[in-house]
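Engineer: This is the structure I have questions about; it appears just below.
The values are calculated or read from the model by the stated rules, or taken from the named source; none is laboratory data. Please read these numbers as outputs of a predicted model, since none were measured by experiment. Ideal geometry is used to build each Cβ from the backbone, glycine not excepted, and the neighbour counts take in all protein chains shown.
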Amino acid sequence: MDSNAGALSSLEIYDDFSITTPDGEPTPGKWVIGQMVIDGQVIWTWRDKDLQVKTGGGYCELNIPVFSAEHHEVGIFDNPKVLFCSSKVWEHGGRPIRFESRMSCEFNGDLSDYRDGFAGFHVLDFHSGTVMDVVGNGNRLWAIVERLPIPGLDSPVEPFIEFHDLGVQSAPGMEHEVAVEFDPQSRMARWIVDGKVGYEREILMNPQSFFLAFGLLTLHEQVDGKSVSNKGQGGRGKWGAFKVTQG
C-alpha cells in the first residue's frame, strides 16, 4: 500500500537540526524535555542522568550507554528513558495531517524483544491520551497505538497499547523514512516506513491536536511493584528533519 500523501499540500519543516548548539541540546525554542505536569506541578521528568546529546549537521542524536532512569510504580514514567517534545502543537482543523522524519538506532539489549529498548518517533495528544508512534530497535520497526493511562484523564476509551510489526527488516544504524498520517474525517491513522503503509487503524480517542516527540524507551511492566526495565542495556537513536504536512 502506498501513502495517500498526495492529498496533503502545506509543508512545514519544523526543525532540520542544522544548528550545532554549544551544549549539544536540540534546537533552542523547538524542543523541551518531556515532563508530566498535573495541577501545575511537575511530577516526573523523562531524562536519564547519563544521556548524551549531539545536534547539528541535519540530525539530533541521543545516546544512553546504560539505562538508569526508572520508576517503580507508574509505567509511563518508567518506560521513557529520555523524551524530547516539540514546543509547538498542531491542530488538524478537520483536515488530514502528516508527520515525518528520518530515524536510525542501535541497542545492546535483546533485539528479539522490543521491550528491552527502542527509538521512537512519536505523535501525541495528552488531552485525549492518544499515542501514534513508529519505533525501531535496529532489527525491526513497529507501529504503536495507545490510549495512555494518564492520571485524571476522563475518556470513554479505556487505556490500551498495541504493537504491530511494520514488516520492515532493519539493522543497527540503518536509516528509515518514518511517518504517521491522520485523517480526522475517517479517524484513520497510517504508519508509513520508506514510503509504504505498513499499518492503518481507526483512532477512537478523537484527538484534536498533536505535538511531536522523540526519544529512547523500554516497555517492561513492573514486577511485584519494582521496575525491571533496566538490565544493563542501553542504546542510541538518530533523527533527521521533522516535517509536518497538512491538507
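Engineer: I'd like to know if region 43-51 contains one or more residues that are assigned to a loop (DSSP other than H, G, I, E, B), surrounded by 13 or more Cβ atoms within 10 Å (Cβ to Cβ), aromatic (Phe, Trp, Tyr) and at pLDDT 95 or above.
Structural biologist: yes
Engineer: Select the strands (runs of 3 or more DSSP E) contained entirely in region 125-171, then report the ones holding at least 1 residues which are surrounded by 15 or more Cβ atoms within 10 Å (Cβ to Cβ), basic (Lys, Arg) and over 12 Å from the mean Cα position of the chain (by Cα).
Structural biologist: Once the strands (runs of 3 or more DSSP E) in region 125-171 are filtered for at least 1 residues that are surrounded by 15 or more Cβ atoms within 10 Å (Cβ to Cβ), basic (Lys, Arg) and over 12 Å from the mean Cα position of the chain (by Cα), what remains is 140-147.
Engineer: Hey, among Ile13, Ile19, which residue is loosely packed, with under 15 Cβ neighbours inside 10 Å, of a type outside the set (Phe, Trp, Tyr) and within 18 Å of the chain's Cα centre (by Cα)?
Structural biologist: That would be Ile13, the only listed residue that is loosely packed, with under 15 Cβ neighbours inside 10 Å, of a type outside the set (Phe, Trp, Tyr) and within 18 Å of the chain's Cα centre (by Cα).
Engineer: Further, regarding this structure: Please find, within region 172-211, the residue that is farthest from the chain's Cα centre (by Cα) out of those that are of a type in the set (Gly, Ala, Ser) and on the phi < 0 side of the Ramachandran plot.
Structural biologist: Ser186
Engineer: Okay, next question. Looking at region 193-238 only, could you name the residues that are in a loop (DSSP other than H, G, I, E, B), over 20 Å from Val157 (Cα atoms) and either among the basic types (Lys, Arg) or free of Cβ contacts under 8 Å to residues at least 60 places away in the same chain (or both)?
Structural biologist: Passing the criteria: Asp194, Asp224, Val228, Lys231.
Engineer: Here is a follow-up. Based on what the data block shows, is Trp44 touching a helix residue (DSSP H, G or I) at 6+ places or on another chain (Cβ under 6 Å), over 15 Å from Thr218 (Cα atoms) and of a type outside the set (A, V, I, L, M)?
Structural biologist: yes
Engineer: His176 fails exactly one of the following numbered conditions: (1) closer than 23 Å to Asp78 by Cβ; (2) touching a Leu at 6+ places or on another chain (Cβ under 7 Å). What is the number of that condition?
Structural biologist: Tallying (1) closer than 23 Å to Asp78 by Cβ; (2) touching a Leu at 6+ places or on another chain (Cβ under 7 Å), His176 fails exactly one: (1).
Engineer: Look at region 217-239 and say how many of its residues are of a type in the set (Val, Ile, Thr) and surrounded by fewer than 20 Cβ atoms within 10 Å (Cβ to Cβ).
Structural biologist: Number of matching residues: 2.
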